[in-house]
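This report concerns only the one structure given below.
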């Protein structure tokens with residue numbers, strides 16, 4: 001897939017642990033998502049050549065930028081990468097135009113100015129070319145940084161949390177501009193972000209990074225809804241993570257049946273998990289339905305369970321609800337419902353309610369395979385999941 | 001007015017400044033960005049002239065430059081004259097005792113340049129020389145300029161080290177600071193006063209000019 005794109009394989013244990021393999025095709029936007037300190041920026045710096053990695057291979061098109069086995073380490077200057085840094089890193093003593101022209105220093109002097117102006121115009125900065133960075137707003141600085149990064153005609157564009165330092169309105173506008181600009185960009189684009197919504201909005205694919213390790217890569221929506229491990233699920237903000245046993249597979253009905261806290265729950269068919277096996281399962285809070293007050297039996301619906309509302313927090317027109325199922329000593333179920341549903345059913349803390357798990361949204365994952373970790377985790381918390 | 005002493009002082013100060021400009025940029029930049037074992041010791045040694053009495057520093061330099069020292073002998077063999085009590089010896093001493101005045105402000109100035117700006121320059125394809133010339137020096141310029149002016153003014157006023165290493169040979173090592181002392185010793189208070197005032201005016205003018213050139217223009221409001 002990445003014949004013409006970027007392939008990266010990096011491994012080192014110190015000073016910063018890295019175990020990452022990513023690829024990004026031409027014209028593709030790959031989002032590297034992970035919490036602070038997960039090694040996202042380190043990975044980006046290694047791709048740019050700003051950081052030396054102990055062991056690794058980086059290819060871009062037909063060029064090798066890094067091959068530690070063959071002692072190849074191409075300098076950042078020769079890699080031709082365009083980088084937009086988190087704080088933009090504009091040259092503060094130079095005007096917007098001079099910032100862009102600096103990246104064009106190997107272009108004949110006669111052309112340089114015209115091309116610099118062309119890039120500024122393309123990024124809607126006309127009339128601001130003589131302003132210094134301190135005289136520009138955050139969004140304008142971001143655009144100058146993008147113009148500077150693109151002016152060189154980079155083989156790869158790297159964006160390090162490019163939207164984190166601007167206000168929400170500016171960010172939404174910049175999203176549109178980047179999406180617009182991307183139609184014309186034929187290079188691989190790697191964007192680091194901690195914002196999942198941003199990744200879902202802009203990325204073609206995303207990789208989840210934690211402690212320097214790529215845990216999962218794939219289509220953003222797929223990664224979001226089908227995490228490969230409880231750890232990824234946790235990093236993606238899933239709160240409903242439980243353990244269950246696989247009871248049977250019903251291929252005709254497209255269903256896998258699991259046993260959870262004494263309930264038979266129907267899930268989307270996931271026959272890769274053997275019958276009898278212990279699994280971890282997750283469901284987005286938006287896919288847990290509040291059937292109403294009363295008991296599951298009364299509702300007569302499948303995948304319905306009884307619970308007691310432990311907490312109800314209003315967040316605008318939605319309510320975040322925490323429900324105990326099978327006792328308050330077990331991890332609760334989290335759900336998010338519109339406020340009119342809360343009002344309609346007269347839901348309040350302490351209320352007896354029936355919940356329903358949408359079968360197609362129940363996603364199974366392996367339990368913890370590592371025995372030492374399993375023992376540790378069990379000791380910590382999971383006995384009662 | 002001891003014109004030869006004033007001229008000698010100005011020449012010594014200018015040459016010291018000229019030598020410490022590239023040396024200070026190189027060392028200050030290295031100390032700002034590189035991490036290496038023994039860095040605190042190197043920084044401490046470079047800062048010594050700030051805390052040592054000038055006579056102590058002068059004594060060690062006298063011993064190090066003297067005819068019996070390896071450095072003194074080497075110099076004599078190569079140049080055919082002794083290093084101590086010569087203008088060249090005085091210049092070398094002046095460079096050494098001015099090291100902290102030149103390096104420290106320059107180091108601080110380079111430290112203030114964000115690493116990301118440096119990285120951005122490299123990723124924009126700028127060579128190391130172009131980064132130095134187009135990005136680092138302009139950004140560090142206020143620090144570099146004040147370092148050079150401090151060095152200049154400090155050389156004009158240095159007394160103890162100059163006396164120990166240079167002696168007081170008219171036209172060769174007798175600086176204006178020593179001349180002022182001599183005039184006072186011989187009760188020529190008017191002469192001493194005139195020279196002191198000259199030194200005061202030159203130093204004040206140099207420092208004021210630095211403040212004027214390095215003062216940041218008032219920031220325009222963000223748009």
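The figures follow:
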read-out	value
On Cα atoms only, tilt of B:189-214 relative to the major axis of chain B in degrees	10 degrees
Within chain B, helix-based [θ] at 222 nm, where runs of 4 or more DSSP H residues each add -39,500 (n - 2.57), nearest 500	-24000 deg cm²/dmol
Ascending count of other beta-carbon atoms within 10 Å, so fewest first, for B:131, B:103	B:131, B:103
Chain A: most fluctuating residue of A:315, A:66, A:32 per GNM, C-alpha cutoff 10 Å	A:315
Region B:58-135 and region A:164-219: distance between their alpha carbon centers, rounded to Å	48 Å
Least to most buried among A:210, B:179, B:94, A:137 (fewest other Cβ within 10 Å first)	A:137, A:210, B:179, B:94
On Cα atoms only, tilt of B:70-79 relative to the major axis of chain B in degrees	80 degrees
Per-residue [θ]222 nm for chain A (sum of -39500 (n - 2.57) over DSSP H runs n ≥ 4, rounded to 500)	-7500 deg cm²/dmol
For residues of B:112-120, the mean tally of beta carbons on other chains within 10 Å	6
Nearest 10 degrees, 0 to 90: helix A:168-182 Cα axis against chain A principal axis	70 degrees
GNM result for chain A, Cα springs below 10 Å: residue of A:131, A:183, A:266 fluctuating most strongly	A:183
Top of B:175, B:68, B:151 by mean-square fluctuation, Gaussian network on chain B, Cα under 10 Å	B:68
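Coordinate-derived values only; no laboratory data. Small disclaimer: the values here were computed from a predicted structure and weren't measured. Here the Cβ is made from the backbone with ideal geometry for all residues, glycine too, and neighbour counts use every protein chain on show.
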